[in-house]
Amino acid sequence: MADVPTLDQFRADVLAFLEANAKPKAEQKKFVWGQGPDHTSLLREPDRDEEQTEIVEAKAWRAKRFDAGFGWITGPKAFGGRELPHAYDRVYSELESRFEVPNQAFFGIGLGMVAPTINEHAHPDVKAALLPKMFRGDLIGCQLFSEPGAGSDLAGLQCKAERDGDEWVINGQKVWTSGAHYSDVGEVVCRTDPNLPKHRGITGFVVDMHDPNIEVRPLRQMSGGAAFNEVFFNDYRVPDVNRLGEVNDGWRVALTTLMNERASIGSGGAGGGGNVSVNRLIEMVRHFGLVDDAVVRDELMRIYTGSMVARYSAQRMMDRVRAGQVPGPEMSASKLALTDNMRAISSFVSRVLGPRITADTGEWGTYSWTGYLLTVPAMSIAGGSDETLRNIVGERVLGLPKEPGIDTTSAFRDIPKGGSLTARPA
């Protein structure tokens, strides 16, 4: 098409924009043990007051980028996009990574998970109202799926939505909602027909997070941070036009979001290490005089190999997504790789540091790892528990038989002495 620039022309336009609006990053120095901040970027727990300042800066950059034509490079022109191939998006991302720009993590869930779902399932009026503002940074989105009794088993959710004319009335609780306290819109799935099987009878909606009938409360983690929230819906009314997909077909809507979520988590872990540089681990081994320890060397090589395999697998997966292919169950494998590698790093660091990791002695590069260790269990649950994802990989990727369920028609007391529960297909 005549209005499609060549990649070279696009690259020049991007560089001109970045050079006029941002500072190039300083040349990254080689990691040296004992120099620089005593933490990695993953371990920084957000401060909610500081977040507000960062959000203002992040939104300003996002708006500047959108207004210059780089906010939604692959998106439809009707919503402010440019409808350019995904190769152009990769060019922009690579070039922007060379410059100092405000933290864009606040938009990760909204643009990586919620916006694709809105684009695929929402009413045209809702798409037109929300998508340009989300990609411009005017609105931040969050995902409202998990509940106290429905985490990895999302289909067991109980938050209900009842039809009232042209509106739906939502009541219930959601939990572990990242960024709910600074979000403007949310994607929620609710039970709309309790008489249907649990994977049916679910419907998705887009909600206004500033409505007074939606209450957001922070959740304090064992790592000391409060990145998550619990959210309460108290007779919250949402117009039917804000419905995502058909009534009682919310499972299809949820899968769109979940696959994008696992892609985002799995590809965002710096090669499966959770933003931990292998060079840092190598220097740690040298500092503590364990270079000749065969067991330590073997563990370190396994971590390096696992990280590189995860990195290349995630890159291949994201290239397929950027090429317009629908996210598939391989997303689950990518997310599993991230948590497996994080556990391996956690175990390795614990072996190397020993008691230094349990008490803050002030020694550089030791106690700061505590935050990482306390984060790993949460990552094995976020985006679907490891157990659930293994079932998905086993059944949908490897073609293994579905895991047997339990015969719920027989009470335990009815089982003959010496007998066993009768398995049946789930």
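Worth a mention:
- Taking Y312, Y367, Y88 and counting other C-beta atoms within 10 Å, the order from fewest to most: Y312, Y367, Y88
- Net charge dipole, the stretch 16-139: roughly 400 debye, given to the nearest 20, about the Cα centre with Cβ charges of +1 for Lys and Arg and -1 for Asp and Glu.
- Charge dipole (the stretch 142-248, unit charges on Cβ, about Cα centre) - positive-most of V188, I214, F145: F145
- Spacing of the two label points (7 Å from each Cα toward its C-beta) at D298 and S368, in nm: 3.1
- Extension gain for the segment M308 to N171, taken as residue separation times 0.36 nm less the Cα-Cα distance, is 44.8 nm to one decimal.
- Taking every C-alpha pair closer than 8 Å and separated by at least 6 residues, the mean separation divided by the residue count of the stretch 142-248 gives a relative contact order of 30 percent.
- Here the Karplus relation 6.51 cos²θ - 1.76 cosθ + 1.60, evaluated at θ = phi - 60°, turns the backbone of the stretch 393-399 into coupling constants of 5, x, 7, 9, 9, 8, x Hz, with x for every Gly and Pro.
- With semi-axes defined as the square roots of five times the eigenvalues of the C-alpha gyration tensor, the equivalent ellipsoid of the stretch 1-144 measures 28, 22, 13 Å, largest first.
- Cα-centred dipole magnitude for the stretch 142-248, charges only on beta-carbon of K, R (+1) and D, E (-1), debye, nearest 20: 420
- You can think of it this way: the chain between E57 and A26 has 9.1 nm of extra reach, that is 0.36 nm per residue less the Cα-Cα gap.
- Candidate lysines - alpha carbon under 25 Å from K160, same-chain residues fewer than 8 apart omitted: K127, K174, K198
- Here the stretch 200-259 is assigned +1 on the Cβ of each Lys and Arg and -1 on the Cβ of each Asp and Glu. Its dipole about the Cα centre then comes out at about 220 debye.
- Classified by the C-alpha gyration tensor, the stretch 67-149 has an oblate form. Its axis ratio a/c, with a ≥ b ≥ c, is 1.5 or above, and a/b does not exceed b/c.
- What the pair-distance distribution of the stretch 142-248 shows, using all Cα-Cα distances binned every 10 Å from zero, is 16, 50, 28, 6, 0 percent.
- Beta-bridge orientation, the stretch 40-199: approximately 55 percent antiparallel, per DSSP, counting only bridges with both partners inside.
- In a DSSP loop and with at most 15 other Cβ atoms within 10 Å, the GluC sites (Glu not before Pro) in the stretch 53-100 are E83.
Each reported figure results from applying straightforward, stated rules to the coordinates on display, with no laboratory input. Owing to the predicted nature of the structure, the values given are computational and were not obtained by experimental measurement. Neighbour counts are summed over all protein chains in view; Cβ atoms, including those assigned to glycine, are modelled from backbone coordinates with ideal geometry.
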